[in-house]
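A short worksheet on the structure shown next.
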Amino acid sequence: MTLFQRSLKRSLDVAASLAGILALLIPGAVLAALVRLSSPGPVFFVQTRVGRHGRLFRCVKFRTMRGGADAAGPVTTAGDPRITPAGRLLRR
């Protein structure tokens, strides 16, 4: 692959990434507002998980359950009262 082809590919990758970020910016802001308005607490749920080769990484997701809900156990069922109204929408 020539230098021109590599720089063209890099430019296309950056442009596609920016387009994707811009396309998801408004829906993400709406979801963040729904989560924030539906229950008190942070918008995001952050958890440390174990990945490939035992490497730790942080998983960041929109919060779908009330704060401290993980203390009651990891299993949720249909109609679980810990799930917020916005969380029901996100889980669908």
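Computed over protein heavy atoms with a 1.4 Å probe, the carbon and sulfur contribution to the accessible area of the chain reaches 66%. Each 10 Å bin from zero holds the following percent of Cα-Cα pairs in the chain: 14, 30, 27, 18, 8, 3.
Between the listed residues A23, V50, L3, the Cα displaced farthest toward the positive end of the dipole of the chain, a dipole computed from Cβ unit charges relative to the Cα centre, is found at L3. For the chain, the per residue solvent-accessible surface stands at 80 Å², with DNA, RNA and ligands left out and a 1.4 Å probe. With the helix formula -39500 (n - 2.57) applied to DSSP H stretches of n ≥ 4, the chain reaches a computed 222 nm mean residue ellipticity of -16500 deg cm²/dmol.
The values are calculated or read from the model by the stated rules, or taken from the named source; none is laboratory data. All values reported here derive from a predicted model rather than from experimental measurement. Here Cβ is always computed from backbone atoms with ideal geometry, including for glycine, and neighbour counts include all displayed protein chains. Note: accessible area is taken over every heavy atom of the protein model, side chains too, but ligands, DNA and RNA are not part of it. Shrake-Rupley method; radii C 1.70, N 1.55, O 1.52, S 1.80 Å.
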